[in-house]
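K.L.:
Sharing a structure here in structure tokens format.
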Amino acid sequence: MAMKGYLDEYEKLVIRMNTPRVVIDNGVCSSATIVKVDSSRRNGILLEAVQILTDLNLSIKKAYISSDGRWNMDVFHVTDLNGNKLNDQSVLRYIEQSIETVYYGENIEVNGLTALELTGTDRIGLLSEMFAVLSDLNCDVVDAKLWTHNGRVASVIYLRDGSSGAPILDSHRISKIEGRLKNVLNGDNDVNSAAKTCVSVDSMMHIERRLHQLMFEDRDYERRSNKQERSPTVVVTVQNWAERGYSVVNVHCRDRTKLLFDVVCTLTDMEYAVFHATINTAEDQAHLEFYIRHKDGSPISSEAERQRVIQCLEAAVERRALEGVRLELRHPDKQGLLAEVTRTFRENGLNVTRTEISTSSEMATNIFYVTDANGDEPDFKLIESVREKIGLECLRVKEMPTMNHKKGDGEEQQQTKAVLVSLGSLVWRNLFNFGLIKSCS
């Protein structure tokens with residue numbers, strides 16, 4: 001009995017040591033709420049903490065990440081989307097409880113739905129054809145997200161039977177859904193554009209992380225044609241710090257919500273561990289600096305690998321970058337609604353670059369980012385014409401486009417900014433050299 005009691009106390013100690021501890025402070029900083037997370041080091045712990053903050057639609061203005069041996073200390077400066085500190089006690093409690101239980105690997109499960117994953121070649125009208133197929137097969141789309149990038153498309157869709165509202169379990173029907181959608185996604189003769197579909201009733205996943213994984217597996221980071229140039233607003237540099245055995249990654253781009261999540265998600269999926277990092281934002285610009293190693297402890301070892309990291313991080317930033325006019329549709333849910341709406345977009349020459357579909361209490365709330373057929377800002381009269389056809393009260397313009405940036409903010413100017421801000425890495429290196437921050441071996 002004494003031994004059993006000893007083991008119980010030991011297990012409790014292990015749990016306490018491995019459970020993240022969260023301290024939230026609203027008094028230290030006048031412009032942001034400070035969220036400090038202390039935790040034992042393990043793969044993915046940083047991503048999980050960032051994921052919780054971004055899922056609450058919080059903006060991370062600054063962050064400091066540091067590892068000392070087997071222990072992490074992460075500090076986040078967060079605000080709401082309006083730039084205000086967090087004063088809602090229920091939100092603060094949720095942050096504490098969620099991060100402190102993340103050690104146990106809890107996931108969100110969507111019950112009673114069938115998960116459908118799609119990747120393929122993007123083209124105008126593709127979304128309309130996809131939803132038309134699903135409507136024809138009596139599938140009700142409950143939730144979905146779709147991203148496009150570099151001529152590729154990835155989507156995660158949650159379905160249920162249109163008649164019974166039950167998950168779709170019949171293997172013959174699932175094969176039919178996959179076959180029809182694969183035909184739509186393989187709408188051209190490009191041998192490099194083979195579509196992939198996957199249907200699963202096990203729908204435990206983080207949908208946005210899964211979209212990053214699908215895009216990464218589809219190699220969207222590779223340029224699909226010589227006409228596609230690197231974005232002048234995203235600058236990524238990678239250097240090795242041989243003395244300390246780190247690779248130093250700098251990302252300079254326009255700031256936006258969920259930016260840190262997108263970058264950390266990609267580094268994690270590429271099997272790099274973040275040991276130290278600083279994130280700073282000023283006005284509409286963001287600078288992120290990471291000290292990384294492979295899981296095996298080695299830095300980036302070749303020029304090919306360095307270029308791949310640069311390409312993948314550029315893609316991670318660009319996938320969610322706003323393209324086009326943001327339209328929000330609020331309409332009582334009904335069979336075939338998405339097929340009707342996206343067909344109207346297609347018939348009027350609007351191309352959907354990104355979409356978020358959700359249904360709650362029989363009300364559909366759908367967000368579409370649309371451009372014209374050339375990928376440019378649609379004509380305002382065209383948008384109003386489409387709104388009249390769908391319903392002015394149902395379809396509203398929620399955000400004007402951010403595609404056309406200031407011409408003075410070209411690639412050369414952005415690279416200059418990135419170089420100047422990356423001088424901050426000298427500060428980190430001096431801290432290491434003077435022993436103020438310890439290296440992790």
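The values are calculated or read from the model by the stated rules, or taken from the named source; none is laboratory data. Bear in mind that the values here come from a model prediction, so they are computed numbers and not experimental data. Virtual Cβ from ideal backbone geometry, glycine too; neighbours counted across all protein chains shown. SASA here: full protein model, heavy atoms, side chains in, ligands and nucleic acids out. Shrake-Rupley method; radii C 1.70, N 1.55, O 1.52, S 1.80 Å.
K.L.:
Being of a type in the set (D, E, K, R) and modelled with pLDDT under 95 is the filter here; which residues of segment 141-156 pass it?
P.N.:
Within segment 141-156, Asp143, Arg152 qualify.
K.L.:
For segment 1-99, which fully contained strands (runs of 3 or more DSSP E) count at least 2 residues that are open to solvent by less than 50 Å² (accessible area, probe 1.4 Å) and at pLDDT 95 or above?
P.N.:
Result: 33-40, 59-68, 71-79.
K.L.:
If you don't mind, another one. Filter segment 347-374 down to residues that are under 30 Å from Arg254 (Cβ atoms) and either open to solvent by 40 Å² or more (accessible area, probe 1.4 Å) or not in a loop (DSSP other than H, G, I, E, B) (or both), then give me how many there are.
P.N.:
17
Residue-by-condition table, conditions (1) touching a strand residue (DSSP E or B) at 6+ places or on another chain (Cβ under 9 Å); (2) on the phi < 0 side of the Ramachandran plot; (3) open to solvent by less than 10 Å² (accessible area, probe 1.4 Å); (4) not in a strand (DSSP E or B):
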| position | (1), (2), (3), (4) |
| --- | --- |
| Val248 | yes, yes, yes, no |
| Cys253 | yes, yes, yes, no |
| Thr257 | yes, yes, no, yes |
| Phe261 | yes, yes, yes, yes |
| Val264 | yes, yes, yes, yes |
| Ala277 | yes, yes, yes, no |
| His287 | yes, yes, no, no |
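K.L.:
Here is a follow-up. Criterion first (modelled with pLDDT of 90 or more and on the phi < 0 side of the Ramachandran plot) does Met204 satisfy it?
P.N.:
When the stated conditions are applied, Met204 does not pass them.
K.L.:
Take Glu377 and decide whether it is of a type in the set (Asp, Glu), surrounded by 15 or more Cβ atoms within 10 Å (Cβ to Cβ) and assigned to a strand (DSSP E or B).
P.N.:
So Glu377 fails the test.
K.L.:
Please go through segment 328-342 and pick out each residue that is open to solvent by less than 40 Å² (accessible area, probe 1.4 Å) and in a helix (DSSP H, G or I).
P.N.:
Across segment 328-342, the qualifying residues are Leu337, Leu338, Ala339, Val341, Thr342.
K.L.:
If you don't mind, there's one more thing I want to ask. Please specify each residue of segment 132-167 satisfying the condition of being closer than 23 Å to Asn348 by Cβ and open to solvent by less than 10 Å² (accessible area, probe 1.4 Å).
P.N.:
If the condition is that a residue be closer than 23 Å to Asn348 by Cβ and open to solvent by less than 10 Å² (accessible area, probe 1.4 Å), then Leu134, Ala144, Leu146, Trp147, Val153, Ser155 are the ones that fit.
K.L.:
Also, I was wondering about something else. Kindly establish whether Glu229 is open to solvent by 50 Å² or more (accessible area, probe 1.4 Å), at pLDDT 60 or above and closer than 19 Å to Arg308 by Cβ.
P.N.:
No, not satisfied.
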